[in-house]
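Participant: Mind having a look at this structure? Questions to follow.
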Amino acid sequence: MLTLLLYSPSEHVCLHWQRALADANYKLIATSSLQDALSNLRTIHESIYLLHERDLADPLTMIPELITQQPQAKVVVLEDEYDTKRAYTYFQAGVVGVCNAFMAAKQIPLLIAVVSQGQVWCGKPFMEAMVKSLAQQPNKKANTELLHKLSPREQEVALQVVEGLNNKDISNKMGVSERTIKAHLSNIFKKLNVKDRLQLALCLRQ
């Protein structure tokens, strides 16, 4: 059984996550003591560490150092307010997820499943920011080999995702509904074997 180590100085946050995972097949160890949390991290391996950054003296320094010291740990950072720049720093350091401490309860088991499978969980704001950042990189041409796997309409949608446009912008530009754009994206993801817009943008700009 997978062990989840949750640290948060907030009893409300601990309770929120405990309730969300009550019916899941995980062992959740929650604590409001940072010392206990660090001790658990050093002694319990094959675990996912859910670390609430609130009250940490210098989380942007501490969390990367923690990952360096405990490279086996899969660290997910819980934030009170999402900040794209902070999230980028955390991901550079090696965290596998960044989310709101009070994220929707129904999404929490999905987060754990994604991270436990070796994938990364990043919020929509971060994903959109990264896609836009990729779009601004110069001298990058789309991967024509992959584009040829798509229909002409799907190619048009995919290229606009690479340019950093969201679904609403694409639907307005193409004169179709957002529902149609979502359907095209679903087909694109399946054909190119990617899971989200960020992966799509990355693979098409290689």
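Readers should treat all values here as calculations from the given coordinates under stated rules, not as data from a laboratory. Treat the numbers as computed from the prediction; the structure is a model and nothing was measured. Quick reminder, even Gly has a Cβ in these numbers, built from the backbone with ideal geometry, and neighbours come from all protein chains shown.
Participant: Shape of the stretch 129-204 from its Cα gyration tensor (a ≥ b ≥ c, root eigenvalues): rounded if a/c is under 1.5, otherwise prolate when a/b > b/c, or oblate? Write down the numbers at each step before the final one.
Facilitator: On the way: a/c = 1.58, a/b = 1.17, b/c = 1.35.
Because a/c hits 1.5 or more and a/b fails to exceed b/c, the stretch 129-204 counts as oblate.
Participant: While we're looking at this one, here's another question. Around LYS191, under 11 Å between beta carbons, what's the net of Lys plus Arg minus Asp minus Glu among the other residues?
Facilitator: +1
Participant: With a/c under 1.5 counting as rounded, go ahead and sort the stretch 82-144 into rounded, prolate or oblate using the C-alpha gyration tensor (a ≥ b ≥ c being the square roots of the eigenvalues; past the cut-off, prolate if a/b is larger than b/c, else oblate).
Facilitator: It is prolate, given that a/c is not under 1.5 and a/b is the larger ratio.
Participant: At 7 Å along the Cα-to-beta-carbon direction for both THR180 and LYS149, put a label point, then send me their distance in nm to one decimal.
Facilitator: Simple spin-label model gives 2.5 nm for this pair.
Participant: If you place +1 on the Cβ of every Lys and Arg, -1 on the Cβ of every Asp and Glu, and leave all else neutral, what size is the dipole of the chain about its Cα centre, to the nearest 20 Debye?
Facilitator: Roughly 980 debye for the chain.
Participant: Another question about this same structure. Taking the Cα centre of the stretch 129-204 as origin, work out the dipole magnitude from +1 charges on Lys and Arg Cβ and -1 charges on Asp and Glu Cβ, in debye rounded to 20.
Facilitator: Charge dipole, the stretch 129-204, about its Cα centre: 120 debye, nearest 20.
Participant: If amide hydrogens are placed 1.01 Å from N in the peptide plane, which non-local residues have theirs closer than 5 Å to the one on LEU6?
Facilitator: Counting only residues 5 or more places away or on other chains, the set is ILE29, ALA30, THR31, LEU50.
Participant: I've got another one for you. Once you keep just the Cα pairs under 8 angstrom separated by 6 or more residues, what percentage relative contact order results for the chain?
Facilitator: 16
Participant: With the cut-off at 1.5 for a/c, could you classify the stretch 2-121 from its C-alpha gyration tensor as rounded, prolate or oblate?
Facilitator: It is rounded, given that a/c, with a ≥ b ≥ c, falls under 1.5.
Participant: Let me ask something additional. Which whole-Hz ³J(HN,Hα) couplings does the stretch 152-164 yield from phi under the Karplus relation 6.51 cos²θ - 1.76 cosθ + 1.60, θ = phi - 60°, glycine and proline marked x?
Facilitator: Going residue by residue, I get x, 5, 5, 4, 4, 5, 4, 5, 6, 5, 4, 6, x Hz, with x marking Gly and Pro.
Participant: Ranked highest first by the average count of other Cβ atoms within 10 Å around their residues, in what order do 71-81, 93-103 fall?
Facilitator: The peptides rank, most packed first, as 93-103, 71-81.
Participant: Another question, then. Starting from the 7 Å offset along Cα-to-Cβ, what nm value, one decimal, do you get for the label separation of ASN100 and ASN193?
Facilitator: About 3.5 nm, to one decimal.
Participant: Around ALA105, what is the net charge, scoring Lys/Arg as +1 and Asp/Glu as -1 over all other residues with Cβ under 12 Å from its Cβ?
Facilitator: Overall, the nearby charge balance is +1.
Participant: Continuing with this model, one more query. Using θ = phi - 60° and the Karplus curve 6.51 cos²θ - 1.76 cosθ + 1.60, what whole-Hz ³J(HN,Hα) does each residue of the stretch 56-68 get, with Gly and Pro shown as x?
Facilitator: Listing the rounded values in order: 6, 4, 8, x, 5, 9, 5, 5, x, 5, 4, 5, 5 Hz.
Participant: For the stretch 180-194, just list the computed ³J(HN,Hα) in residue order, Karplus coefficients 6.51, -1.76 and 1.60, θ = phi - 60°, integers in Hz, with x standing in for Gly and Pro.
Facilitator: 5, 4, 4, 5, 4, 5, 4, 5, 4, 4, 5, 5, 9, 6, 10
Participant: Check TRP121: other-chain or 5+ apart residues with amide H under 5 Å from its amide H, H built from backbone geometry?
Facilitator: GLY97, VAL98
Participant: In Å and on Cα atoms, what radius of gyration and Dmax does the stretch 7-47 show?
Facilitator: Final numbers for Rg and Dmax: 10.8, 28 Å.
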